[in-house]
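Below: the structure, in structure tokens.
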Amino acid sequence: MTAATPRPPPENESAGASGEEHGVAFQDGEDIQDSEHDRAPQDGYAAADLLDDDLTPAQILLRREIPAALAAVTPPLDMFHVIEQGARDLAIHVRHGGIDYYEAEEGLLALAEARGLQTDIGQTAVEVAIFRGLRGATNGHDEPPPADDLGDYYSQADGTGEPAEPIAQAFTTPLDWPDEPPPRTSWAVHNLIPRGDVSSLGGDGGSGKTQAALQLSTAMARGAPDWLGYVLEPGPVVSLSAEEPKDEIRRRTARDGARHGFTRRDLKGLHFWFPSDFADCTFAIPGPGGVMNGTPLFRSIERAVIELRPSLVVLDNVAAVFAGNQNDRVMVRTFVNLFRGMARASGAAVLLLDHPSLSGMQSGTGRGGNMDWRNSVRSALHLRAADDKADADRGCRVLEHVKSNYAPLAAPLRLEWVDGVLAIEGTAAPHQRAAQDALADGKFLELLAQHIQLGIDVGQSEGRNYAPKVFSASPDGGGFTSRGFATVMHRLLVTGRIEIEENGPPSKRRKRLVMAGQGRTK
């Protein structure tokens, strides 16, 4: 393959972080170009290639030249080298805007998958080769590096053409470790959120992430023994509220206090930060090669956190402060690493709140953008609505532990909204539970009366006419599942509001459900 030399792009001015350093004071809880590209033939391509299918040079590489080169070789290692070289050839077009980085990456991954390289060579090896190749032309070079000179190439970070001076490194062996037991893992929330590193809490908008994180913050700051049943290590908390304004946080905190019996005077250990301008609270911007650099605002917050040394730092949320591409691996990982540096310097657990991507919402996994949002954190939680529509409509949520590097995954925890806060399901006050049960009971009785009027018998035994199954499939079912209606049916039978009636000839007796006192004999 011969890489064509694209037309040089217009010069762009890169906007870096500037301005005076921000001073940060936490508030205690008590105080509450586009450019056009030539379509003319370029070196290495025939005019017919462009005119035939109206392809750009980068598209010709992906659709014709790289597939042709793959077809000409058989050993998996040779095909792997073709993919490597193809990534380096495409890198120039990525750099000059001839093709989007992600289009090139996805195209190469698809070619590798079609040839079975993920199985023969390994998924990680293929991804790394593509990543390095496509990143090769983003550091100020006009040509991709030769295959045998990648070491020097990637050391030329300043773009001068001179290899950077290597930094002396030192290895260590277990013989260098102290002659004592290793320290135990330090937890902010036992077996759930480790200290000194980064964890995440994802969930759809409106699922309750902010409320869950706020309840965690107030519980830790006031020395409560647990959060939603999980054991806590009490300590100071910093809450970086880059999305919700102060008055909303005050309202939520007041509801939390009313439910759990505390006032704002119990929250001296809870420290809030609210941006002076919600339109400009960026913590990190991309630099050369996509590496995210902390802004002066982030650095000042980091310094304040290190001085305070809290047990927990909560960021609500990532989207409000991240000025990069959520699908870019380098941007995602280096952004998370900014907070990992904060966590290790301060000893705090850092909890990042984030929204899932569209695919993450559709699949229910809670994943957002690139997989490195999940891979870069040490523990990941996901808050979602219950599967049963009726349960979800009445406020039932499920807190899932979807990743854990340091402990076994915790079992899913069912929660429900009670008086404006999240509580473990079943812990609502009696009058609240009664109201929920009454709604479900009324729907079951309504459907039973409807079927009796239509002359359709339904019964209590599983089968074709099983009442919970029939009712859940009804257009008027209200979103209740068969399992939910089964619970309601049992309660109505126990309380005597519905009855089981037998009818039919002695040789073929049948059972059906009827309203209490309204049975009829056939």
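The values are calculated or read from the model by the stated rules, or taken from the named source; none is laboratory data. Owing to the predicted nature of the structure, the values given are computational and were not obtained by experimental measurement. Note: ideal-geometry Cβ built from the backbone for every residue, glycine included; neighbour counts use all protein chains shown.
Observations on the structure shown:
- Complete set of residues in the range 457-472 that are at pLDDT 90 or above and under 16 Å from Ala440 (Cα atoms): Ala467, Pro468, Lys469, Val470, Phe471
- Condition met for Leu409 (closer than 21 Å to Gln211 by Cβ, in contact with a His (Cβ under 8 Å, 6 or more places away or on another chain) and not assigned by TED's automatic domain parsing to the domain that holds Thr495): no
- The residues on offer are Leu109, Leu55, Leu77, and the sole one that is farther than 20 Å from Val128 by Cβ and surrounded by fewer than 18 Cβ atoms within 10 Å (Cβ to Cβ) is Leu55.
For every residue, the table says whether it meets (1) closer than 20 Å to Ala349 by Cβ; (2) over 26 Å from the mean Cα position of the chain (by Cα); (3) among the hydrophobic types (A, V, I, L, M, F, W, C).
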{"residue": "Glu248", "(1), (2), (3)": "no, no, no"}
{"residue": "Arg251", "(1), (2), (3)": "no, yes, no"}
{"residue": "Arg264", "(1), (2), (3)": "no, yes, no"}
{"residue": "Leu267", "(1), (2), (3)": "yes, yes, yes"}
{"residue": "Leu270", "(1), (2), (3)": "yes, no, yes"}
{"residue": "Asp277", "(1), (2), (3)": "no, no, no"}
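- Qualifying residue in the range 496-506 (condition: surrounded by 15 or more Cβ atoms within 10 Å (Cβ to Cβ) and of a type in the set (Asp, Glu)): yes
- All told, Gly289 falls short of being part of a helix (DSSP H, G or I), out of contact with any strand residue (DSSP E or B) (no Cβ under 8 Å at 6 or more places or on another chain) and closer than 28 Å to Gly208 by Cβ.
- Filter pass, Leu454 being in the same structural domain as Ala258 (by TED's automatic domain parsing) and at pLDDT 90 or above: no
- Odd one out for His141 among (1) assigned to a loop (DSSP other than H, G, I, E, B); (2) surrounded by fewer than 16 Cβ atoms within 10 Å (Cβ to Cβ); (3) at pLDDT below 70: (2)
- Single match in Val305, Val238, Val313 (criterion: out of contact with any Pro (no Cβ under 9 Å at 6 or more places or on another chain), closer than 20 Å to Leu201 by Cβ and not in a helix (DSSP H, G or I)): Val313
- Residues located in the range 242-286, provided they are under 18 Å from Val24 (Cβ atoms), among the β-branched types (Val, Ile, Thr) and in a loop (DSSP other than H, G, I, E, B): Thr282
To keep it simple, each residue is scored yes or no on (1) on the phi > 0 side of the Ramachandran plot; (2) modelled with pLDDT of 90 or more.
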{"residue": "Gly364", "(1), (2)": "yes, no"}
{"residue": "Asn375", "(1), (2)": "no, yes"}
{"residue": "Leu381", "(1), (2)": "no, yes"}
{"residue": "Leu409", "(1), (2)": "no, yes"}
{"residue": "Ala423", "(1), (2)": "no, yes"}
{"residue": "Ala429", "(1), (2)": "no, no"}
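- Search result, residues across the range 238-272 that are surrounded by fewer than 19 Cβ atoms within 10 Å (Cβ to Cβ) and touching a Leu at 6+ places or on another chain (Cβ under 8 Å): Arg252
- When the range 282-292 is filtered for residues that are surrounded by 14 or more Cβ atoms within 10 Å (Cβ to Cβ) and either β-branched (Val, Ile, Thr) or out of contact with any helix residue (DSSP H, G or I) (no Cβ under 6 Å at 6 or more places or on another chain) (or both), the ones remaining, listed by number, are Thr282, Ile285, Gly287, Gly289, Val291.
- Taken over the range 438-468, residues that are basic (Lys, Arg) and surrounded by 13 or more Cβ atoms within 10 Å (Cβ to Cβ) amount to 1.
- Flag for Ala212 being in the same structural domain as Cys281 (by TED's automatic domain parsing), within 19 Å of His401 (Cα to Cα), assigned to a helix (DSSP H, G or I) and out of contact with any Cys (no Cβ under 8 Å at 6 or more places or on another chain): yes
- Scanning the range 80-100 for residues that are surrounded by fewer than 22 Cβ atoms within 10 Å (Cβ to Cβ) and within 15 Å of Val128 (Cα to Cα) returns Phe80, His81, Glu84, Gln85.
- Condition check for Thr263: among the polar types (S, T, N, Q) and in contact with an Asp or Glu (Cβ under 7 Å, 6 or more places away or on another chain): no
- Taking the listed residues Arg299, Arg252, Arg265, the one that is closer than 23 Å to Val336 by Cβ and among the basic types (Lys, Arg) is Arg299, with no other qualifying.
- Restricting the range 490-507 to residues that are among the β-branched types (Val, Ile, Thr) and either within 20 Å of Lys469 (Cβ to Cβ) or in a helix (DSSP H, G or I) (or both) leaves a set whose member that is modelled with the lowest pLDDT is Val494.
- Among all residues of the range 511-518, there is at least one that is surrounded by 12 or more Cβ atoms within 10 Å (Cβ to Cβ), of a type in the set (Lys, Arg) and over 28 Å from Asp393 (Cβ atoms).
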